[in-house]
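The structure appears below as structure tokens.
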Amino acid sequence: MKTYKNDFDILKTKVNDQPLTYLDSGATSQKPRQVIEALADYYEHDNANIHRGIYTLSQRATDHYEAARDKVQHFIHAADRRSIIFTRSTTESLNWLAQSYGPANLKAGDEILLTYMEHHSNIVPWQVLAQRVGAKLKYVALDDQGFLDLDDLKRQLSDKTKLVTLTQLSNVLGVKTPVKEVVKAAHAVGAKVILDGAQGAPHMPVDVTDLDVDFYAFSGHKMMGPTGIGVLYGRLELLDQMPPAQYGGEMIERVGLYESTYTKLPERFEAGTPNIAGAIGLGAAVDYLQSVGMETVEAHEAELMAYAMDKLQAIDGLTIYGPKDSKQHHAVIAFNLAGVHPHDVATILDQSGVEVRAGHHCAQPLMDYLGVTATVRASFYLYNDLADIDRLVDALKVAQEYFAYE
Ligand SMILES: Cc1ncc(COP(=O)(O)O)c(C=O)c1O
């Protein structure tokens, strides 16, 4: 297995006197040197505010910022660069849709279809929208392995459904959702589809044109980019009809004392000074991922998953959530050790330098659905290798022994 660790200096760090085994990329990824250098390079050589300066430095900053937009456009295969709006995160992208697209297009009695595996950031904004306009939220069931139940989705779709919003890859179950089938069924009743790509964009090739989704939201920090930068992709004609999500500088055409007109896409959605460095850093992350190739990223993680699934399933008393077939399970593995609280597992693992997450993973409705309050979650990325999995398994055995003798 090829190693990519050398591009990530942080992976040489020691934690509790142990080599760092970072298995929490589902929460945030590490950044390769190329991204950190792009950020430093921008601040050291090109830092200026964008769009409004006619001087050279501002032009340079603007060029880098807009080049990042082009990179993101090509990364997700959007047809038009004006469809790429820079936001703060997936959370902000989804909130903008709920606050801006929502009230302009939904009314009392309309329905929004979600799934039981959504992250809180793809639930709460819709609850608030539903309360605001009098719409109803409905949830699509999962089967006993955690896959989306397409029949249930089709049963619940009707001409009342205005939005279907779902994740591309579950941050707990590791399942992919059948996006194309969902889009086809949703479009047949006139509903729009929002895809939460927070866990999708980092781990698989994405083609929003081929998927035919109406909106796509993702975060830079989970795909090797900086924190504080995210993306909202929207079909051009839908974005064009949407009222701005925020108001202020940069997004206007002409400001009068009592009213103003707004500028064209994408600036209309980028009020104020944006996260210029963040966008440039995200552009560098896209460059890095593309230099490796998203198919290679996916294949590397599939190898890790196959190895981890075998090793974890061999541990007595360990329950894995989601499909047991490693080919159907991607990027994250959530599990519990019988008789040991997930927080205790994570604490013991940390003593061995193995950093995993424990808790509800911002998916409390899914935890309720699974009948658990919390799980441990190990999540992988390109910079992990088989030795990381071995260290996870060894540390889990230590945790088991420790609690057996309590
Ligand atoms: C599936 C999914 N959606 C949305 C989010 C929210 O992402 P962010 O916190 O970057 O806005 C996450 C983050 O964990 C996630 O896993």
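Before moving on, here are some points about what is shown:
- Any hit, the stretch 303-315, residues being assigned by TED's automatic domain parsing to the domain that holds residue 23, within 16 Å of the ligand (Cβ to nearest atom) and at pLDDT 95 or above: no
- When the residues of the stretch 206-216 are filtered to those that are closer than 14 Å to residue 75 by Cβ and open to solvent by less than 10 Å² (accessible area, probe 1.4 Å), the one that is farthest from the ligand (Cβ to nearest atom) is 208.
- Residue within the stretch 386-403 that is assigned to a helix (DSSP H, G or I), surrounded by fewer than 17 Cβ atoms within 10 Å (Cβ to Cβ), free of Cβ contacts under 8 Å to residues at least 40 places away in the same chain and touching a strand residue (DSSP E or B) at 6+ places or on another chain (Cβ under 6 Å) present: no
- Residue match in the stretch 263-279 (condition: farther than 29 Å from residue 46 by Cα and either aromatic (Phe, Trp, Tyr) or touching a residue at least 24 places away in the same chain (Cβ under 8 Å) (or both)): no
- For the stretch 321-365, residues that are of a type in the set (Phe, Trp, Tyr), closer than 20 Å to residue 384 by Cα and open to solvent by 30 Å² or more (accessible area, probe 1.4 Å) total 0.
- Restricting the stretch 217-276 to residues that are part of a loop (DSSP other than H, G, I, E, B) and among the aliphatic types (A, V, I, L, M) leaves a set whose member that is surrounded by the most Cβ atoms within 10 Å (Cβ to Cβ) is 224.
- Qualifying residue in the stretch 91-112 (condition: of a type in the set (Ser, Thr, Tyr), touching a Gly at 6+ places or on another chain (Cβ under 7 Å) and within 12 Å of the ligand (Cβ to nearest atom)): yes
- Failed condition for residue 54, given (1) modelled with pLDDT of 95 or more; (2) among the β-branched types (Val, Ile, Thr); (3) more than 18 Å from residue 269 (Cα to Cα): (1)
- Screening the stretch 24-96 for helices (runs of 4 or more DSSP H) wholly inside it with 3 or more residues that are of a type in the set (Gly, Ala, Ser) and buried (at least 16 other Cβ atoms within 10 Å of the Cβ) returns the ranges 56-75.
- Cβ pairs under 7 Å, 6+ apart, first in the stretch 167-193 and in contact (Cβ under 8 Å) with a residue 24 or more places away in the chain, second hydroxyl-bearing (Ser, Thr, Tyr) and open to solvent by 20 Å² or more (accessible area, probe 1.4 Å): 172/321; 173/321; 189/158
- Looking only at residues in the stretch 153-181 that are more than 24 Å from residue 241 (Cα to Cα) and hydrophobic (A, V, I, L, M, F, W, C), the one that is farthest from the ligand (Cβ to nearest atom) is 157.
- Matching residues, the stretch 164-195, being outside any loop (DSSP other than H, G, I, E, B), touching a Phe, Trp or Tyr at 6+ places or on another chain (Cβ under 8 Å) and open to solvent by less than 10 Å² (accessible area, probe 1.4 Å): 165, 193, 194, 195
- Unique residue being without any contact (Cβ under 8 Å) to a residue 24 or more places away in the chain, of a type in the set (A, V, I, L, M) and surrounded by fewer than 20 Cβ atoms within 10 Å (Cβ to Cβ) when the list is 302, 374, 306: 306
- Residue, nearest to residue 229 (Cα to Cα), within the stretch 104-123, restricted to residues that are assigned to a helix (DSSP H, G or I) and open to solvent by 40 Å² or more (accessible area, probe 1.4 Å): 120
- The condition of being farther than 22 Å from residue 379 by Cβ, in contact with a Phe, Trp or Tyr (Cβ under 9 Å, 6 or more places away or on another chain), free of Cβ contacts under 8 Å to residues at least 24 places away in the same chain and polar (S, T, N, Q) does not hold for residue 291.
The values are calculated or read from the model by the stated rules, or taken from the named source; none is laboratory data. None of the values given here were measured: they were computed from a predicted structure. Heads up, the Cβs are rebuilt from the backbone with ideal geometry, glycines too, and the neighbour counts pull from every protein chain shown. Each accessible area value is taken on the protein alone, full model and side chains, heavy atoms only, with ligands, DNA and RNA left out. Shrake-Rupley method; radii C 1.70, N 1.55, O 1.52, S 1.80 Å.
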